[in-house]
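Asker: Please find one structure pasted underneath; my questions will follow.
The values are calculated or read from the model by the stated rules, or taken from the named source; none is laboratory data. Computed from a predicted model, the values in this text were never measured in an experiment. Here the Cβ positions follow ideal geometry from the backbone for every residue, glycine too, while neighbour counts run over all protein chains shown.
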């Protein structure tokens with residue numbers, strides 16, 4: 001019975017954490033150099049952008065929303081900024097315009113969701129298509145890959161620099177995780193987001209300005225997307241707007257859901273995102289070392305997600321009390 | 001002067017007139033007699049351009065060149081952008097066949113998706129030019145690099161830097177595009193043909209980065225950590241290779257790791273060669289491919305044998321470039337061609 005008691009304490013986050021630890025041990029024992037400090041840094045670095053986007057998704061999902069426009073906003077806003085620099089604008093001005101564009105789009109999305117009451121799934125899906133289409137037609141007029149201008153200055157260090165030997169993308173991701181954690185945990189607005197996600201009607205009755213809060217969530221996620229874009233672009237010295245067509249947005253949802261954040265809102269925190277991101281990082285790094293093909297990697301990734309969900313539903317069966325309305 | 005004299009004068013005058021007239025006629029003949037039929041076989045014809053996307057540098061150069069020439073000869077040129085969506089492209093192709101232009105210039109997303117439609121277009125008398133990647137069917141012209149030969153060429157270049165005669169680890173990594181895409185698949189096939197005959201070469205990693213520079217960066221970073229003595233890397237496309245090069249640079253291995261890539265020779269290729277992102281690049285000159293496509297259109301329309309009567313594989317010439325070859329104007333500006341297509 002003791003083992004069953006132990007099982008009771010398992011939730012998806014712990015299952016995924018265990019799975020990550022297990023994979024980590026297996027890889028450490030079987031793969032050369034897996035445990036090397038440099039490899040661990042490279043592992044974390046390769047999922048830093050994913051983790052940052054995961055934070056943006058977390059803020060929205062906690063309020064019972066979802067943001068499918070994250071990747072589109074990230075790609076178009078940053079690509080446009082770099083294009084403006086190519087056209088001769090000063091770096092600071094161009095980056096400010098890009099950030100304002102990202103925030104402006106997110107504001108529109110938020111208004112659509114909060115005031116027009118369009119389901120977030122559709123509002124953000126439409127917005128993603130709009131941002132990409134508009135951006136490709138009117139903002140990024142040349143090729144769909146915008147190369148990083150040579151004049152980016154200190155901004156480049158966000159993608160390529162190091163702080164005490166740790167690559168900057170990891171430092172930025174960790175810093176943002178801390179900020180989002182503090183925001184959700186210790187500010188009134190943070191608590192309101194949980195309340196709204198948990199029970200929107202009750203939050204409204206108890207006096208929370210629900211609609212502006214929803215808008216704020218999307219604006220935050222838009223700003224986070226811009227930061228993730230800057231790191232992507234400066235790391236590889238280019239922003240390829242084609243990633244909007246890739247399955248990257250599903251990877252973002254994957255790390256959030258995998259870590260145990262409930263898509264029905266109100267459940268989850270930054271820790272869940274970190275755990276989900278680390279699992280993907282360990283998995284991808286190990287498979288890259290083993291020279292497993294990318295398509296096979298995707299299959300394994302999705303199998304792990306299914307496994308985590310199945311185990312979760314076995315140890316935490318849904319019933320009338322735990323099940324929530326609004327699950328996607 | 002008698003009657004006879006008058007007659008002589010008249011005859012001389014007539015003769016002079018005739019000579020004068022024939023001189024005029026000779027001046028007329030100095031015009032190229034072949035120009036008019038050639039021009040009239042082109043004028044008023046319709047060219048439809050449907051690549052898998054118009055947003056990338058290669059497609060912009062091909063389309064830009066063909067459009068410029070088409071307009072020069074009074075032809076109409078229209079283009080569609082399926083934006084990497086194979087379904088949208090197949091629909092666009094179906095609609096095009098119904099519209100019945102005289103020429104369709106297209107770029108296959110893969111071997112099979114358009115094969116049946118291209119065959120149908122040819123059967124209905126539309127000249128079909130395929131760019132960069134040949135579908136499972138041959139039409140009037142295929143214009144593109146011989147990717148298998150290019151893979152072999154890259155592998156042979158790598159042998160010089162990392163082969164048996166060198167004091168290196170002989171370790172080589174390959175960064176592919178997508179596994180099923182012909183551009184990537186055939187290059188890798190060519191490389192492996194060479195490397196399989198050279199057992200000293202050790203392929204330590206051969207993975208697909210999905211045409212994404214970020215993935216290429218992550219893959220190469222890991223490969224470099226696993227094999228710090230890595231001798232060379234081949235990436236099948238320079239647009240993705242910028243990430244591969246960034247990983248090499250950020251690991252401080254520029255100079256140690258020989259990095260070969262290939263592409264259409266846009267300015268970004270020259271920039272990458274100049275700053276050492278790429279050690280060497282095989283340039284298949286996209287505007288040159290545009291010219292080849294235009295040439296094949298002229299051949300098909302002027303000979304008027306019917307669509308699909310003459311089928312030609314037009315393999316693009318390539319040129320290996322290193323830092324030393326980069327000069328002002330060695331590469332082309334995609335913006336310039338993008339403007340033409342707009």
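Asker: List every residue pair whose Cβ atoms lie under 6 Å apart, where the two residues are 6 or more positions apart in sequence or sit on different chains, the first residue falls within region B:175-190 and is on the phi < 0 side of the Ramachandran plot and more than 12 Å from chain A (Cβ to nearest Cβ), and the second residue, located anywhere, is part of a helix (DSSP H, G or I) and surrounded by fewer than 21 Cβ atoms within 10 Å (Cβ to Cβ).
Answerer: B:186/B:148; B:189/B:148; B:190/B:148; B:190/B:152
Asker: Something else now. If I ask for residues that are under 20 Å from the mean Cα position of the chain (by Cα) and under 18 Å from residue B:125 (Cα atoms), which ones from region B:78-109 would you list?
Answerer: The answer is B:103, B:104, B:105, B:106.
Asker: Can you name the helices (runs of 4 or more DSSP H) wholly within region A:235-321 that have at least 1 residues being at pLDDT 85 or above and crowded, with 16+ Cβ neighbours inside 10 Å? Working first, answer last.
Answerer: Numbers: elements: A:248-258, A:270-289, A:294-315.
Qualifying helices (runs of 4 or more DSSP H): A:248-258, A:270-289.
Asker: Sticking with this structure for a sec: Could you list, in sequence order, the residues of region B:50-69 that are within 14 Å of the chain's Cα centre (by Cα) and either assigned to a helix (DSSP H, G or I) or more than 13 Å from chain A (Cβ to nearest Cβ) (or both)?
Answerer: B:57, B:58, B:59, B:60, B:61, B:62, B:63, B:64, B:65, B:66 - these are the residues of region B:50-69 that are within 14 Å of the chain's Cα centre (by Cα) and either assigned to a helix (DSSP H, G or I) or more than 13 Å from chain A (Cβ to nearest Cβ) (or both).
Asker: Continuing with this model, one more query. Report whether or not residue A:102 is away from chain B (no Cβ under 14 Å) and either in a loop (DSSP other than H, G, I, E, B) or buried (at least 24 other Cβ atoms within 10 Å of the Cβ) (or both).
Answerer: Taking the combined requirement at face value, the residue satisfies it.
Asker: Would you be able to tell me the number of residues in region A:139-171 that are away from chain B (no Cβ under 11 Å) and closer than 30 Å to residue B:340 by Cα?
Answerer: So the count comes out to 3.
The rows are residues; the columns are (1) over 24 Å from residue A:152 (Cβ atoms); (2) within 13 Å of another protein chain (Cβ to nearest Cβ); (3) in a helix (DSSP H, G or I).
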| site | (1), (2), (3) |
| --- | --- |
| A:16 | yes, no, yes |
| A:34 | yes, yes, no |
| A:42 | no, yes, yes |
| A:57 | yes, no, yes |
| A:77 | no, no, yes |
| A:81 | no, no, yes |
| A:92 | no, no, yes |
| A:117 | yes, no, no |
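Asker: Another question, then. Out of (1) over 18 Å from residue A:218 (Cα atoms); (2) away from chain B (no Cβ under 13 Å), what's the single condition that is false for residue A:111?
Answerer: So the condition that residue A:111 fails would be (1).
Asker: Suppose we filter B:200, B:165 for residues that are part of a loop (DSSP other than H, G, I, E, B), outside the structural domain of residue B:307 (by TED's automatic domain parsing), in contact (Cβ under 8 Å) with a residue 24 or more places away in the chain and farther than 25 Å from residue B:289 by Cβ; which single one remains? Full working, then the answer.
Answerer: Numbers: B:165 fails: in contact (Cβ under 8 Å) with a residue 24 or more places away in the chain.
Every option except B:200 fails the conditions.
Asker: Scan region B:30-49 residue by residue and report those that are part of a strand (DSSP E or B) and surrounded by fewer than 18 Cβ atoms within 10 Å (Cβ to Cβ).
Answerer: Step one: filter region B:30-49 for residues part of a strand (DSSP E or B), giving B:46-49.
Once the filter is applied, which keeps residues that are part of a strand (DSSP E or B) and surrounded by fewer than 18 Cβ atoms within 10 Å (Cβ to Cβ), region B:30-49 yields only B:46.
Asker: So residue B:225 ticks every box in (1) touching a strand residue (DSSP E or B) at 6+ places or on another chain (Cβ under 6 Å); (2) at pLDDT below 90; (3) crowded, with 22+ Cβ neighbours inside 10 Å but one. Which box is left unticked?
Answerer: Only one criterion in (1) touching a strand residue (DSSP E or B) at 6+ places or on another chain (Cβ under 6 Å); (2) at pLDDT below 90; (3) crowded, with 22+ Cβ neighbours inside 10 Å is unmet by residue B:225, namely (1).
Asker: From the set of residues in region B:208-249 that are assigned to a helix (DSSP H, G or I), more than 8 Å from chain A (Cβ to nearest Cβ) and within 23 Å of the chain's Cα centre (by Cα), which is nearest to residue A:242 (Cα to Cα)?
Answerer: B:240
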